[in-house]
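Sending over a structure as structure tokens; questions will come in a sec.
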Amino acid sequence: MQQNVAQAALSREEILRQLQETLKPILNVESAATLRPEARFREDLQGDSLAMVDIVIAVEEGFGVKLRSDLDFFDEIRTVGDAVELIHRQMGQGRPAAAAAES
Amino acid sequence: MNVPSWSDTGTLDDFFVAGRKMWPDLAEVRRMRFDRSLVPDDVVRFIRSTALNEHGIVHYVKGYFRSYGEDYKLGLWASIWGGEEYLHSIVLRALLEGLGERINPPEYAGLEKGDYAENMERYLETKRAGTAVSRRTQQLIYGVMQEYAAVIAYSSVADVAGDPALARILRRVAKDEMRHCRFFQLSLEALAQNVADEEFAGIWDMFRVLFKDHEMPQDQIAMFQEFDMATDLYIKFWTPKYRSNLMLFLTHYFRKFRGGRAALQAASATVEADPDVLTALAS
């Protein structure tokens, strides 16, 4: 997994690029181009429940954010683009997600 | 068996004493009557299934003893846990009777002669093959996962139970299961500090292996499938929010083992479990 990046906000394009590289082995995808923003994790990329676990780790450890335990993951992070937006929003706020216990 | 899980009985004592105070109103619960017209048929089937499942503790406790080997204190926990789950069986049977139904003799017979031991052995050993994780550690990992799945199961059914009094009882059972989850967490963390580095490093991977195509204990007893009361019945109540919470809770918890023992000790200083989150998820 990637090392935690600094909490300074990255651009959406940079987040997408980094996320694509991290997701390639998780979703068994050869080309980052397959992981376009509109690609749906389950329907288009065949992400199973285990892949979702690895995506959570990729997002949290790769970008230093924390997903809320009451997040509706399967509804709010349907696509690669959704993940980028969530990461961008939380990095821009400079803090982990609200209402989550510290790990 | 070369390392202990618990060095003393303190935590066990605390859990046992607290457990003795559970359900002081059991007599009242057994007299409760519910409006059957408000309660969906699948909810009644769920309660029937869980009443039987909780009655199946002999199978499960035997399985724990096999997994824990010579770890005496975990054996004590298996005994305590069995008693508390049997209490759930009494509560759930009371709920069924309050709905005008009873467990039928063929259901008891099917459960009591169940084929759990061989099936569960095969399931766990298949998942453990080629890893450095001991059966004991694996069982504790599975226990954390299974108990939280039970929290989700009872909570999600409470949302759609229809009768508010019935829903309240189901949520109380969910809280009890969270207690059990917490004990498995504490036991795993205590044991993890003493196992070899290679085994410690395997805990996160074992969680992933068990999470993929996870099988609940009742999946190993044919009767539940035969009577159409198996896992499919449980998970049909799991809205996307509950599925998400299950995945996030377990991922956040087992992630603590990714950073080594010092990171685990630091992380364990705070309690990850937040049952009130489940209240917020209730529709």
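I'd like the full set of residues that are buried (at least 21 other Cβ atoms within 10 Å of the Cβ) and assigned to a helix (DSSP H, G or I), limited to segment B:40-56. Before you say what the answer is, go through the steps one by one.
In the first step, residues of segment B:40-56 are kept if they are buried (at least 21 other Cβ atoms within 10 Å of the Cβ); the result is B:43, B:46-56.
B:Val43, B:Phe46, B:Ile47, B:Arg48, B:Ser49, B:Thr50, B:Ala51, B:Leu52, B:Asn53, B:Glu54, B:His55 - these are the residues of segment B:40-56 that are buried (at least 21 other Cβ atoms within 10 Å of the Cβ) and assigned to a helix (DSSP H, G or I).
Another question, then. Would a scan of segment B:258-279 turn up a residue that is closer than 26 Å to B:Thr50 by Cα, modelled with pLDDT under 85, acidic (Asp, Glu) and part of a loop (DSSP other than H, G, I, E, B)?
Pass one, segment B:258-279, residues closer than 26 Å to B:Thr50 by Cα: B:273-279.
Add one more test, that the residue is modelled with pLDDT under 85, and what stays is B:273-279.
Pick out the ones that are also acidic (Asp, Glu) and you get B:274, B:276.
Then drop every residue that is not part of a loop (DSSP other than H, G, I, E, B), which leaves B:274.
Within segment B:258-279, one or more residues are closer than 26 Å to B:Thr50 by Cα, modelled with pLDDT under 85, acidic (Asp, Glu) and part of a loop (DSSP other than H, G, I, E, B).
Right, A:Arg42: more than 21 Å from A:Ser11 (Cβ to Cβ), touching a strand residue (DSSP E or B) at 6+ places or on another chain (Cβ under 8 Å) and either modelled with pLDDT under 95 or away from chain B (no Cβ under 13 Å) (or both) or not? Give the steps one after another, and end with the answer.
Details: more than 21 Å from A:Ser11 (Cβ to Cβ): yes; touching a strand residue (DSSP E or B) at 6+ places or on another chain (Cβ under 8 Å): no; either modelled with pLDDT under 95 or away from chain B (no Cβ under 13 Å) (or both): yes.
Taking the combined requirement at face value, the residue does not satisfy it.
Do you know which residues across segment B:98-127 are within 19 Å of the chain's Cα centre (by Cα) and among the hydroxyl-bearing types (Ser, Thr, Tyr)?
B:Tyr116, B:Tyr123
Each row is one residue, and each column tells you yes or no for (1) under 30 Å from B:Glu97 (Cα atoms); (2) among the basic types (Lys, Arg); (3) within 19 Å of the chain's Cα centre (by Cα).
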| residue | (1), (2), (3) |
| --- | --- |
| B:Leu26 | yes, no, no |
| B:Leu52 | yes, no, yes |
| B:Gly56 | yes, no, yes |
| B:His59 | yes, no, yes |
| B:Phe65 | no, no, yes |
| B:Tyr68 | no, no, yes |
| B:Trp81 | yes, no, yes |
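Counting only residues that are in contact (Cβ under 8 Å) with a residue 24 or more places away in the chain and open to solvent by less than 20 Å² (accessible area, probe 1.4 Å), how many does segment A:70-79 have?
Of the residues in segment A:70-79, the ones in contact (Cβ under 8 Å) with a residue 24 or more places away in the chain are A:70-71, A:74, A:77-79.
Checking the rest, the ones that are also open to solvent by less than 20 Å² (accessible area, probe 1.4 Å) come to A:71, A:77.
Final tally of qualifying residues: 2.
Return a yes/no flag: does segment B:97-113 have any residue that is part of a helix (DSSP H, G or I), modelled with pLDDT of 95 or more and not hydrophobic (A, V, I, L, M, F, W, C).
Quick first cut of segment B:97-113, residues part of a helix (DSSP H, G or I) only: B:97-98, B:105-112.
Then keep just the ones that are modelled with pLDDT of 95 or more; that gives B:97-98.
Now drop any that are not not hydrophobic (A, V, I, L, M, F, W, C), which leaves B:97-98.
The answer is yes; a qualifying residue exists.
Give the number of residues within segment B:221-259 that are open to solvent by 60 Å² or more (accessible area, probe 1.4 Å) and either of a type in the set (A, V, I, L, M, F, W, C) or at the interface with chain A (Cβ under 7 Å from one of its Cβ atoms) (or both).
4
Search segment A:31-59 for residues being without any contact (Cβ under 8 Å) to a residue 12 or more places away in the chain and either open to solvent by less than 30 Å² (accessible area, probe 1.4 Å) or under 12 Å from A:Ala83 (Cα atoms) (or both), and hand back the single one that is nearest to the chain's Cα centre (by Cα).
A:Val53
For segment B:26-39, name all the residues that are exposed (fewer than 15 other Cβ atoms within 10 Å of the Cβ) and part of a loop (DSSP other than H, G, I, E, B).
Once the filter is applied, which keeps residues that are exposed (fewer than 15 other Cβ atoms within 10 Å of the Cβ) and part of a loop (DSSP other than H, G, I, E, B), segment B:26-39 yields B:Arg33, B:Asp35.
Residue by residue, here is whether (1) more than 11 Å from chain B (Cβ to nearest Cβ); (2) modelled with pLDDT of 95 or more; (3) in contact with a strand residue (DSSP E or B) (Cβ under 7 Å, 6 or more places away or on another chain) holds:
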| residue | (1), (2), (3) |
| --- | --- |
| A:Arg36 | yes, yes, no |
| A:Met52 | no, no, no |
| A:Phe63 | yes, no, no |
| A:Asp70 | no, no, no |
| A:Phe73 | no, no, no |
| A:Glu76 | no, no, no |
| A:Ile87 | yes, no, no |
| A:Gly94 | yes, no, no |
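While we're here: Among the residues of segment B:93-101, are any over 22 Å from B:Lys113 (Cα atoms), open to solvent by 80 Å² or more (accessible area, probe 1.4 Å) and touching a residue at least 60 places away in the same chain (Cβ under 8 Å)? Break it down into steps so the answer makes sense when it comes.
Here is the first cut: in segment B:93-101, the residues over 22 Å from B:Lys113 (Cα atoms) are B:94-101.
Those left that are additionally open to solvent by 80 Å² or more (accessible area, probe 1.4 Å): none.
Taking every residue of segment B:93-101 in turn, none turns out to be over 22 Å from B:Lys113 (Cα atoms), open to solvent by 80 Å² or more (accessible area, probe 1.4 Å) and touching a residue at least 60 places away in the same chain (Cβ under 8 Å).
Of (1) away from every other protein chain (no Cβ under 14 Å); (2) open to solvent by 10 Å² or more (accessible area, probe 1.4 Å), B:Met178 satisfies all except one. Which?
Result: B:Met178 fails condition (1) only.
Pull up segment B:58-92, narrow it to residues that are among the β-branched types (Val, Ile, Thr) and within 16 Å of B:Arg48 (Cβ to Cβ), then point me to the one that is most open to solvent (accessible area, probe 1.4 Å). Can you show your working first?
Kept after step one, since they are among the β-branched types (Val, Ile, Thr), are these residues of segment B:58-92: B:58, B:61, B:80, B:90-91.
If we keep only those that are within 16 Å of B:Arg48 (Cβ to Cβ) as well, we get B:90-91.
Values: B:Ile90: 37, B:Val91: 0 Å².
Ranking the candidates gives B:Ile90 first.
Residue pairs, Cβ under 6 Å, 6 or more apart or interchain, first in segment B:105-128 and more than 17 Å from B:Val58 (Cα to Cα), second surrounded by 15 or more Cβ atoms within 10 Å (Cβ to Cβ) and among the polar types (S, T, N, Q). List them.
B:Arg128/B:Gln138
Tally the residues that are surrounded by fewer than 13 Cβ atoms within 10 Å (Cβ to Cβ) and among the hydrophobic types (A, V, I, L, M, F, W, C), restricting the search to segment B:1-25.
Residues in segment B:1-25 being surrounded by fewer than 13 Cβ atoms within 10 Å (Cβ to Cβ) and among the hydrophobic types (A, V, I, L, M, F, W, C): 3 in total.
The values are calculated or read from the model by the stated rules, or taken from the named source; none is laboratory data. Bear in mind the structure is a predicted one, so any value in this text is a computation, not a measurement. So basically every Cβ, Gly included, is an ideal-geometry build from the backbone, and we count neighbours across all protein chains shown. The protein model used for the area step is the full one, side chains on, heavy atoms only, and it has no ligands, DNA or RNA in it. Shrake-Rupley method; radii C 1.70, N 1.55, O 1.52, S 1.80 Å.
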